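The values are calculated or read from the model by the stated rules, or taken from the named source; none is laboratory data. Everything quoted here is computed from the prediction, not taken from an experiment. All Cβ positions, even for glycine, are placed from backbone atoms using ideal geometry, and neighbour counts span all protein chains on display. In case anyone asks, the SASA skips ligands and DNA or RNA and just uses the protein heavy atoms, side chains included. Shrake-Rupley method; radii C 1.70, N 1.55, O 1.52, S 1.80 Å.
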Amino acid sequence: MSEADPAIVPPRPRKPDWIRVKAPMGAAFAETKALMRRLNLATVCEEAACPNIGECWTKKHATVMILGDTCTRACAFCNVKTGMPRAVDAMEPQHTADAAAELGLEHIVVTSVDRDDLPDGGASQFVKVIEALRRTTPKTTIEILTPDFRNKSQAAVESIVSARPDVYNHNLETVPRLYPTIRPGARYYASLRLLESVKRHDPTIFTKSGMMMGLGEARMEVHQVMDDMRSADVDFLTLGQYLQPTPRHAKVEEFVTPATFSAYAAIARAKGFLLVASTPLTRSSYHAGDDFAKLKAAREAKLGARLG
């Protein structure tokens, strides 16, 4: 083979020191993994190869991924496998609640694969999970991270919001210009409208959205996405470094420095977000429980300032 042979996969760029993490290990990590297997639950921690899995699972924090482990889409950034999913597991909602109870979770994050094969996109399973959690662990606060429910979002959002999760998260992921290559199955403005509709149906539910940095986005494009999120009344913004899961996925165009993440955070706070998490290792559900407490405090402080 010559050096120009397209069959040769170029090496991935070396990660800078600021995003290297310790390998997962320890008894608590093993116990969390065993519990997920026993209850037949998938986790985004594993399926998306999250760099924070060692830290989170050692603390017995796990993000459950419902509707199976197979996605009907193939986004260029995502490590979750693509294909024809299995039938929806009727026991999954109760198993999720059982996991929350056994882990002693004060706050749980529940996400899912895209299920374009289902008439409601899987919205009813989110509702059943929320209901099971309310029955089994009524003191656990609930954060959901949903797909865009392509062509079904209005009814999906209505049903899920009626079940009253504490936080509704849907990630925009990247800037509009990069959607055709990074998130080809989705539409930027459809995702923005979904977030907007959550607030329209119930203004008391916190909304949250996030972006991956390092895919080739320009600084002013990131600022525009922040403005779009604020126009949709999004409360909480997360920004984190994109990491290429395998050589087949979109490559990392840039390792964004911690200083740049801090600068983005300062701009986002000035734009009016209640809370901003912006570091290279930030992920949607990373420190979600602590962040929920900060969200509530920020809203109370804002309301107090208005009343004062």
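Please identify the DSSP H helices in the chain that span no less than 27 Å along the helix axis (Cα) and have a mean Kyte-Doolittle hydropathy of -0.5 or more. Each step should come with its number before you reach the end.
Details: long enough: 288-307 (28 Å, -0.35).
Taking the DSSP H segments of the chain (at least 27 Å long, mean hydropathy at least -0.5), we get 288-307.
Given the convex hull of the Cα atoms of the stretch 162-308, what is a quarter of its surface area in nm²?
Values: hull surface 37.6 nm².
Mean projected area of the Cα convex hull: 9.4 nm².
Over the stretch 64-173, what per residue volume does the convex hull of the Cα atoms give, in whole Å³? Don't skip to the answer; put the middle values down first.
Details: hull volume 11.1 nm³, N = 110.
In the stretch 64-173, the Cα convex hull volume per residue is 101 Å³.
When DSSP beta bridges are limited to those with both residues in the chain, what percentage is antiparallel, rounded to the nearest 5? It would help to have the intermediate numbers written out before the result.
Working: 2 of 29 bridges.
Restricted to the chain, the bridges split so that about 5 percent are antiparallel.
Extent of the stretch 105-168 along each principal axis, from alpha carbon coordinates, in Å, largest to smallest?
Per principal axis, max minus min of the Cα coordinates gives 34, 19, 16 Å.
For residue 126, what accessible area in Å² do you get when you roll a 1.4 Å probe over the heavy atoms of the protein chains, rounding to the nearest 10?
Surface open to solvent at residue 126 totals about 0 Å².
Once amide H atoms are built 1.01 Å from N in the peptide plane, which residues 5 or more positions from residue 107, or in another chain, come under 5 Å H to H?
141
Pulled fully out, how much extra length does the chain show between residue 18 and residue 218, if you take 0.36 nm times their separation in residues and subtract their Cα-Cα distance?
On the way: separation 200, 0.36 × 200 = 72.00 nm, distance 2.15 nm.
That pair, residue 18 and residue 218, stretches by 69.8 nm at full extension.
Please tell me which of these pairs span more than 26 angstrom C-alpha to C-alpha: 199/294; 81/139; 33/199; 33/81; 15/81; 152/296?
Numbers: 199/294 19 Å; 81/139 33 Å; 33/199 35 Å; 33/81 19 Å; 15/81 24 Å; 152/296 30 Å.
Violating the 26 Å limit, Cα to Cα: 81/139; 33/199; 152/296.
Which order do you get for 181, 141 if you rank them by accessible area with a 1.4 Å probe, largest at the top? If you can, show how the numbers build up before the last one.
Numbers: 181 90, 141 30 Å².
Listed by decreasing accessible area, they come as 181, 141.
In µm²/s, what is D for the stretch 227-308 at 37 °C and 0.692 mPa s, where D = kT/(6 pi eta Rh) by Stokes-Einstein and Rh is the Kirkwood radius from Cα pairs? Spell out each step's value before the answer.
Numbers: Rh = 14.3 Å.
D, rounded to a whole number, is 230 µm²/s.
Normalised by the empirical 2.2 N^0.38 Å for globular proteins, what value does the Cα Rg of the chain take?
Values: Rg = 19.0 Å, N = 308, 2.2 N^0.38 = 19.4 Å.
Compared with the compact-globule rule of thumb, the chain sits at 0.98.
Counting only other residues whose beta carbon sits under 9 Å from that of residue 190, what net charge do I get with K and R as +1, D and E as -1? Provide the component values of the computation, followed by the final result.
Working: positive: 150, 187, 193; negative: 148.
So the surrounding residues net to +2.
On average, how much area does the Cα convex hull of the stretch 177-249 cover when viewed from any direction, in nm²? All intermediate terms of the calculation are to be shown ahead of the outcome.
Working: hull surface 21.5 nm².
Answer in nm², one decimal: 5.4.
Could you size up the charge dipole of the chain around its Cα centre, putting +1 on the beta carbon of Lys and Arg and -1 on that of Asp and Glu, and report it in debye to the nearest 20? Don't skip to the answer; put the middle values down first.
Values: 40 positive and 36 negative charges, 78 e Å.
Value, rounded to 20: 380 debye.
Any idea what log10 I(q)/I(0) is at q = 0.11, 0.12, 0.16, 0.23 Å⁻¹ for the stretch 112-221, Debye with uniform C-alpha scatterers and no solvent?
With one equal scatterer per Cα and no solvent, log10 I(q)/I(0) is -0.37, -0.43, -0.74, -1.28.
Could you point to the residue in 103, 201, 163 farthest towards the positive end of the stretch 74-204's charge dipole, with +1 and -1 charges on the Cβ of Lys/Arg and Asp/Glu respectively?
Highest projection toward the positive end goes to 201.
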